[in-house]
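In what follows, a structure is listed as structure tokens, so that the remarks can point back to it.
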Amino acid sequence: MTATGIIGAAVIGFGVIFLFLGALGILRLPDVYNRLQAGTKCTTLGAFCMIVGVGIAEPGWIFKALIVAVFILLTNPISAHALARASYKSGVSLYEGTVVDKCREFGECEEAEGAAGISEASAGGD
């Protein structure tokens, strides 16, 4: 095994550890927002390391691997933000132990309160 193969395997192993920690966070955390945050951070770094590790281990693939890694770095946080915002606006409740609600602080949750009020009214009317 060459030096690039060993370094690539180490970077891939680092990525696998982060992917495992992300899966553990998804299982252990209490609500959709915490789970989404844990999953996004760990899978972004884990997938990035694995793809870069493959590029290091196979030098012929480094350009393609870097393109895919940059794509993941740009799209994964944006998609997680969109999912969290849609969840909040559709009325998914926060964990009861949540201390800070930035959406409420910035006044972006009027739509969420309206949607929650509508769903509560329809549930109570049955």
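We did not get these values from a lab; they are worked out from the coordinates using the rules stated. All values reported here derive from a predicted model rather than from experimental measurement. All Cβ positions, even for glycine, are placed from backbone atoms using ideal geometry, and neighbour counts span all protein chains on display.
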Q. For the stretch 7-87, what is Rg from Cα atoms divided by 2.2 N^0.38 Å, rounded to two decimals?
A. 1.17
Q. Around ILE26, what is the net charge, scoring Lys/Arg as +1 and Asp/Glu as -1 over all other residues with Cβ under 12 Å from its Cβ?
A. +2
Q: Order by neighbour count: LYS64, LYS41, fewest other Cβ atoms within 10 Å first, most last.
A: LYS64, LYS41
